[in-house]
Amino acid sequence: MANLVYKRVSTNQQSTARQNLVLDEAGIEDPVVFEDPGTSSRLHPLQRPKFRALLDYARPGDTVHISEMFRLVRGTGHILDVLDVLHRDQVALRIHDGAFSAMDLTARHPRTGELLSTVKFMVQTLAAAGELQRDLQRELTYDGLRAAEAKGSKGGRRPAVAADKTDTVRTAYLEGRSIAALARDHGVSRGAIRTAVADLMPDHTTIEQEDIPAPELPITLDMPGKVADFLRASDLEPAERAALDQGVTVRRGQGYSLRITAVPGVHRQLLARCQPLDGGQGVPTVPAQRKARREYANRVNTPGE
């Protein structure tokens, strides 16, 4: 009987140190470890590469070990889906810390074989409490952003040239100081200096660039939360990742949307990245995710309508 250990972190910057501590203290013998790095908790566990690999590896009588429940699932529906699969495959689940650690989540009625009603009630209650806590946190974050905007504060990346240095840079440029020298003086890129003095640059700069296509202007689109969850767990380009990270969460009933401001090209790239949500190529199709992707596709392909 094998001991299968599952670990997960939401971003590549996070560490599994706490999970390792809890699991090491549990004294698991001969663990076989599966780890999903940089994987959003909103992505259904049955769609995570390493958890799928764990299920393929598991045999009847094996036990899955995790440090805390939220490393595997968060939403109530996800928990029940996973328990059904584990029961079908005759695989036990052992949680070593948190509210679920004292429960046998795979306990079934001896005659009907169904999940015990007491277990189901506790799972749904604890999961609902966790969802409520996260919803309140998101609402407080959104309210804080709105309050900051009302005071004139803008989100996003700060200018590379600090506001209190801009006048100094512009004066030095007008006095003949080169862009390269100013970049060295202030420890920033030449592009940052050009941005600070753009309106002061000679007219021939504009003439030289007449043949260059005009840059795309950013547009703001609402990305369904299910699409955002999938993309956060995907391998993205820096511009795509930055667009997601700077998005503003907007509550939508029981779900949410991510309000993203980016050039149309980035929106098109993100839309292409979430093509697997339409199903095919061995990826299980989740109707709600497919519907969410199509909603985002309509917004990308018909902006402003």
Problem - Any chance Ala272 is surrounded by fewer than 12 Cβ atoms within 10 Å (Cβ to Cβ) and modelled with pLDDT of 85 or more - result: yes
Handout entry: Candidate set from the range 27-66 (those that are under 21 Å from the mean Cα position of the chain (by Cα) and of a type in the set (Gly, Ala, Ser)); member that is nearest to Phe230 (Cα to Cα)
Key = Ser40
Practice task
For Ala243, indicate whether it is modelled with pLDDT of 85 or more, more than 24 Å from Lys50 (Cα to Cα), in a helix (DSSP H, G or I) and not β-branched (Val, Ile, Thr).
Solution key: yes
Exercise for the section: Could you tell me whether the range 60-68 includes any residue that is at pLDDT 85 or above, out of contact with any Gly (no Cβ under 8 Å at 6 or more places or on another chain), on the phi < 0 side of the Ramachandran plot and open to solvent by 40 Å² or more (accessible area, probe 1.4 Å)? Expected result: yes
Handout entry: Count - residues of the range 198-236 that are part of a helix (DSSP H, G or I) and at pLDDT 75 or above
Key = 11
Practice task
Residue by residue through the range 212-264, note down the ones that are in contact (Cβ under 8 Å) with a residue 12 or more places away in the chain, more than 15 Å from the chain's Cα centre (by Cα) and within 19 Å of Ser41 (Cβ to Cβ).
Solution key: Arg251, Arg252
Problem - The one condition in (1) closer than 29 Å to Pro287 by Cβ; (2) buried (at least 16 other Cβ atoms within 10 Å of the Cβ) that Arg52 fails to fulfil - result: (2)
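Within the range 76-90, is even one residue open to solvent by less than 10 Å² (accessible area, probe 1.4 Å), modelled with pLDDT under 90 and in a loop (DSSP other than H, G, I, E, B)? Spell out how you get there, then give the answer.
First, the residues of the range 76-90 that are open to solvent by less than 10 Å² (accessible area, probe 1.4 Å): 79, 82-83, 86.
In the following step, the residues that additionally are modelled with pLDDT under 90 were identified as 79, 82-83, 86.
Still in the list and also in a loop (DSSP other than H, G, I, E, B): none.
The answer is no, given that none of the residues of the range 76-90 is open to solvent by less than 10 Å² (accessible area, probe 1.4 Å), modelled with pLDDT under 90 and in a loop (DSSP other than H, G, I, E, B).
Matching residues to (1) within 16 Å of Thr220 (Cβ to Cβ); (2) touching a helix residue (DSSP H, G or I) at 6+ places or on another chain (Cβ under 6 Å); (3) aliphatic (A, V, I, L, M); (4) at pLDDT below 85:
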| position | (1), (2), (3), (4) |
| --- | --- |
| Thr261 | yes, no, no, no |
| Asp278 | no, yes, no, yes |
| Gly282 | no, no, no, yes |
| Arg290 | no, yes, no, no |
| Arg293 | no, yes, no, no |
| Glu305 | yes, no, no, yes |
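The values are calculated or read from the model by the stated rules, or taken from the named source; none is laboratory data. Values in this document were obtained by computation on a predicted structure and should not be read as measured data. Reconstructed Cβ throughout: ideal geometry from the backbone, glycine too, with neighbour counts over all protein chains shown. We work out accessible area using only protein heavy atoms, side chains counted, and drop any ligands, DNA or RNA first. Shrake-Rupley method; radii C 1.70, N 1.55, O 1.52, S 1.80 Å.
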